[in-house]
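Asker: Structure provided below as structure tokens; questions to follow.
The values are calculated or read from the model by the stated rules, or taken from the named source; none is laboratory data. The structure displayed is predicted, hence computed values, not measured ones. When we count neighbours, we look across all protein chains shown, and the Cβ atoms used for this are built from the backbone with ideal geometry, even at glycine.
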């Protein structure tokens, strides 16, 4: 800037219209309130109980000079109830401690209209690196990524793609970013991240995608999924999906301490009948080892509220019925049942899970942005004494608009 221009006065509206200032004009503020109650009773009679209050506040600017944007988000979870002898809900830190953390601080560069590069700490949502946002705060990650999309205009096929390197993760109830290898359980002193690259092709009601995650000396995870839908009329629709994951140790085998190789395939079929959705799914896990998901929620079709049904040799079938109540706008509910067969490990047993879920999202008016959630899960095990695992979740979300 030249010296005379340093003292030039221009109205604020004019400044915001200019390209170099519109990053401020287009800044988006996001504030969410959360309150979460959780009570669990496990097979070994361990009990977990906590109630927390908190949420998040953050911003993302518009693009300065049409290319550069910045964002940040802070999170907090404060204890309302948390007996020290009932730890383990993940609503609070170990020891039932409250916490606050800046989980996102990043820069984003818009390279072209459909391609962007990001650097810093932020949330990612992919099959095996994701926020696992089912408690008070999500997991976030440190790294860099290139993401983009080509095509897709006027109903044309679209190709979405991305790749990058993730060096650290902040677990969902943590205040610290630690190496991805540490999160995966590698010995102290090992500092390895994860390289990820993938793409997804979409054309009308068909999609096919694949993504690979590679961590030196830890694990390689290859995942692919395809979906296809057949609209029969305005209120009836068939939907089909298939997934496959292969996992194996890499390099020095620091993940489990030994060589392993396993896989899981899944099939899912759904029918939409007006306001109802009926789903059935099946997954089969290879006998080589349990499936692993060290950096987020597991994407298997039979992974539900409590159990993942991914133990070595385990086969599982899910039946689910969901309904969107047209008379009570915003209210949805579902019930599901998963039957898991006995794994190959002789010390493990067959398990079944039953889940019930109800959620209301205020559709309009002064309460728009409010969500109420009630979720109950019950797991039985085919072993002496017929032990069971129960879990109740009650949550309130409010997204300020």
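Asker: Please state which of the following conditions residue 167 fails to meet, knowing it meets all the rest: (1) surrounded by 14 or more Cβ atoms within 10 Å (Cβ to Cβ); (2) out of contact with any helix residue (DSSP H, G or I) (no Cβ under 8 Å at 6 or more places or on another chain); (3) not in a loop (DSSP other than H, G, I, E, B).
Answerer: Evaluating residue 167 over (1) surrounded by 14 or more Cβ atoms within 10 Å (Cβ to Cβ); (2) out of contact with any helix residue (DSSP H, G or I) (no Cβ under 8 Å at 6 or more places or on another chain); (3) not in a loop (DSSP other than H, G, I, E, B) leaves (2) as the failure.
Residues are listed down the side, and each one gets a yes or a no for (1) touching a helix residue (DSSP H, G or I) at 6+ places or on another chain (Cβ under 6 Å); (2) more than 23 Å from residue 378 (Cβ to Cβ); (3) crowded, with 21+ Cβ neighbours inside 10 Å; (4) in contact (Cβ under 8 Å) with a residue 12 or more places away in the chain:
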| residue | (1), (2), (3), (4) |
| --- | --- |
| 267 | no, yes, no, yes |
| 270 | no, yes, no, yes |
| 274 | no, yes, no, yes |
| 277 | no, no, no, yes |
| 280 | no, no, no, yes |
| 284 | no, yes, no, yes |
| 287 | no, yes, no, yes |
| 296 | no, yes, yes, yes |
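Asker: Considering only residues that are buried (at least 17 other Cβ atoms within 10 Å of the Cβ) and more than 16 Å from residue 53 (Cα to Cα), which ones fall in the stretch 87-103?
Answerer: 87, 103
Asker: Could you grab me the full set of residues in the stretch 256-265 that are surrounded by 15 or more Cβ atoms within 10 Å (Cβ to Cβ) and farther than 16 Å from residue 245 by Cα?
Answerer: Correct list: 256 only.
Asker: Taking the residues in the stretch 198-207 that are surrounded by fewer than 16 Cβ atoms within 10 Å (Cβ to Cβ) and touching a strand residue (DSSP E or B) at 6+ places or on another chain (Cβ under 8 Å) as candidates, determine which candidate is farthest from residue 230 (Cα to Cα).
Answerer: Within the stretch 198-207, the first condition is being surrounded by fewer than 16 Cβ atoms within 10 Å (Cβ to Cβ), and the residues that meet it are 199, 203-206.
Still in the running and touching a strand residue (DSSP E or B) at 6+ places or on another chain (Cβ under 8 Å): 199, 203, 205-206.
On the way: 199: 23, 203: 13, 205: 7, 206: 9 Å.
Within the stretch 198-207, the match that is farthest from residue 230 (Cα to Cα) is 199.
Asker: Given (1) within 27 Å of residue 209 (Cα to Cα); (2) over 18 Å from the mean Cα position of the chain (by Cα); (3) surrounded by fewer than 16 Cβ atoms within 10 Å (Cβ to Cβ); (4) touching a residue at least 12 places away in the same chain (Cβ under 8 Å), where does residue 187 come up short, assuming only one miss?
Answerer: For residue 187, the failing item is (1).
Asker: Residue under question is residue 23, and the condition is that it be farther than 25 Å from residue 377 by Cβ, at pLDDT below 95, surrounded by 15 or more Cβ atoms within 10 Å (Cβ to Cβ) and in contact with a strand residue (DSSP E or B) (Cβ under 6 Å, 6 or more places away or on another chain); does it hold? Talk me through it step by step, then tell me what you get.
Answerer: Values: farther than 25 Å from residue 377 by Cβ: yes; at pLDDT below 95: yes; surrounded by 15 or more Cβ atoms within 10 Å (Cβ to Cβ): yes; in contact with a strand residue (DSSP E or B) (Cβ under 6 Å, 6 or more places away or on another chain): yes.
Answer is yes for this residue.
Asker: Name every residue in the stretch 61-99 that is closer than 26 Å to residue 132 by Cβ, out of contact with any strand residue (DSSP E or B) (no Cβ under 9 Å at 6 or more places or on another chain) and assigned to a loop (DSSP other than H, G, I, E, B), in order of residue number.
Answerer: 94, 95
Asker: Ok, one more. Would you confirm whether any residue within the stretch 172-187 is at pLDDT 95 or above, part of a strand (DSSP E or B), in contact with a strand residue (DSSP E or B) (Cβ under 8 Å, 6 or more places away or on another chain) and under 30 Å from residue 56 (Cβ atoms)?
Answerer: Yes; the residues of the stretch 172-187 include at least one that is at pLDDT 95 or above, part of a strand (DSSP E or B), in contact with a strand residue (DSSP E or B) (Cβ under 8 Å, 6 or more places away or on another chain) and under 30 Å from residue 56 (Cβ atoms).
Asker: Further question: Here is a list of conditions, (1) under 23 Å from the mean Cα position of the chain (by Cα); (2) modelled with pLDDT of 95 or more; (3) not in a strand (DSSP E or B), and residue 281 meets all of them except one; can you say which number that is?
Answerer: Just one mismatch for residue 281, condition (3).
Asker: Moving on to the next point. For the stretch 191-257, list the strands (runs of 3 or more DSSP E) that sit wholly inside it and hold at least 1 residues that are in contact with a helix residue (DSSP H, G or I) (Cβ under 8 Å, 6 or more places away or on another chain) and modelled with pLDDT of 95 or more; which are they?
Answerer: 194-203, 206-215
Asker: Let me ask another. Hey, can you tell me all the residues within the stretch 26-40 that are surrounded by fewer than 16 Cβ atoms within 10 Å (Cβ to Cβ) and part of a strand (DSSP E or B)? If you could, list the steps in order and put the result at the bottom.
Answerer: The first filter runs over the stretch 26-40 and keeps only residues surrounded by fewer than 16 Cβ atoms within 10 Å (Cβ to Cβ), leaving 26-31.
28, 29, 30, 31 - these are the residues of the stretch 26-40 that are surrounded by fewer than 16 Cβ atoms within 10 Å (Cβ to Cβ) and part of a strand (DSSP E or B).
Asker: Now for a separate question. Within the stretch 100-119, can one find any residue that is in a loop (DSSP other than H, G, I, E, B), within 30 Å of residue 359 (Cβ to Cβ) and in contact with a strand residue (DSSP E or B) (Cβ under 8 Å, 6 or more places away or on another chain)?
Answerer: Looking for residues that are in a loop (DSSP other than H, G, I, E, B), within 30 Å of residue 359 (Cβ to Cβ) and in contact with a strand residue (DSSP E or B) (Cβ under 8 Å, 6 or more places away or on another chain), one finds none in the stretch 100-119, hence no.
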